[in-house]
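Computed from the coordinates by the stated procedures, all read-outs in this text should not be read as laboratory data. What you see is a predicted model, and the numbers here were worked out from it, not measured in a lab. Counting neighbours? That spans all protein chains shown, and the Cβs are built from the backbone with ideal geometry, glycine included.
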Ligand SMILES: Nc1nc2c(c(=O)[nH]1)N[C@H]1C(S)=C(S)[C@@H](COP(=O)(O)O)O[C@H]1N2
Ligand SMILES: [Mo]
């Protein structure tokens with residue numbers, strides 16, 4: 001069952017991101033009450049004074065205002081239930097992977113320059129009607145719904161969040177791929193003014209891209225998310241539109257998509273190109289296959305720090321095992 005870790009403030013600094021330290025300090029301060037506050041500040045140094053008192057407004061999670069903001073929140077699809085509590089929005093919004101902006105977890109501090117309107121998504125390749133969708137037109141034409149999904153990062157942390165968006169299968173029906181299409185390639189924006197790492201990590205194969213087979217993309221779980229927690233996606237979560245494939249490691253769930261291409265070949269993908277022996281194309285969650293540098297047997301829930309067993313296909317085997325385990 002749940003194997004409880006040491007109290008968060010006992011995590012060695014080397015194992016915790018600055019963000020972990022900050023959030024845990026706040027939880028600590030809240031629990032310990034005002035009297036202990038000064039002790040906490042002394043204990044953590046003067047930097048935390050600013051953390052606790054100086055930055056409240058700046059540290060709010062920013063939700064874009066757009067022509068389609070009025071479509072949120074969308075009706076919840078009750079079919080997709082969770083076996084664990086939802087992750088605290090403030091934790092999920094401040095602990096992100098988005099390498100274009102940062103190789104640390106504080107992506108939210110680095111996304112201000114990004115602009116989410118105007119935004120277009122090009123649908124191209126082996127498809128009946130290649131075209132460029134304005135994001136607001138696309139969102140208006142698709143039936144938005146809310147789904148609660150788990151998300152498991154290959155780095156062994158996990159969360160559970162309410163996404164808003166539409167199913168990939170619905171989108172595929174709409175754009176009508178040709179029968180020769182076997183894979184879909186998804187691509188993120190390329191903009192060095194917004195995303196510093198696209199400039200400084202010049203040896204990486206930007207723009208970030210990912211891929212799915214048609215069987216995976218048409219599985220009912222594959223989802224294009226435009227919102228989270230009942231509103232549009234904050235930039236750090238991949239605004240204005242990102243993929244969510246909850247049975248695969250998080251890196252497959254590509255953010256801030258500008259291009260969706262239908263192809264007859266398995267596409268080269270970002271992490272598989274950078275480190276092929278660590279990140280494979282399928283990347284299905286599997287507790288029995290360790291990452292070359294760490295075990296995948298358990299995962300850490302990011303807001304409670306509990307360690308729980310990893311489940312094959314992240315618990316979505318009944319939906320997706322058939323894709324991979326055909327007789
Ligand atoms: N374009 C892009 N998409 C990306 C990433 C990235 O670095 N760039 N990181 C991935 C990884 S490793 C994870 S775990 C998830 C994290 O999603 P979240 O920050 O919304 O929790 O986004 C994925 N999508
Ligand atoms: Mo990840």
What is the extension gain from residue 282 to residue 264, computed as 0.36 nm multiplied by their sequence separation minus the C-alpha to C-alpha distance, in nm to one decimal?
4.8 nm
Translational D (Stokes-Einstein, µm²/s) of segment 88-225 at 4 °C and 1.567 mPa s when Rh comes from the Kirkwood sum over C-alpha pairs?
76 µm²/s
Between the alpha carbon centres of segment 194-245 and segment 280-327 the gap in Å comes to 20 Å
Mean separation of Cα contacts under 8 Å (at least 6 apart) over the residue count of segment 213-260, i.e. the relative contact order in percent, is 29 percent
Sticking with the crude label model, points 7 Å out along Cα→Cβ, report the distance from residue 178 to residue 106 in nm, one decimal please.
5.0 nm
Over the residues of segment 212-320, compute the C-alpha Rg and express it relative to 2.2 N^0.38 Å.
1.14
Among 94, 199, 182, 248, rank each residue by its count of other Cβ atoms within 10 Å, from fewest to most, as a rough exposure measure.
199, 182, 94, 248
Pull out a ≥ b ≥ c, the square roots of the eigenvalues of the alpha-carbon gyration tensor of segment 62-325, then state rounded if a/c is under 1.5, prolate if not and a/b is larger than b/c, and oblate in the remaining case.
rounded
So how do 214, 60, 168, 114 line up by other beta-carbon neighbours within 10 Å, fewest first?
60, 214, 114, 168
Order of 263, 120 under a 10 Å beta carbon neighbour criterion, fewest first:
120, 263
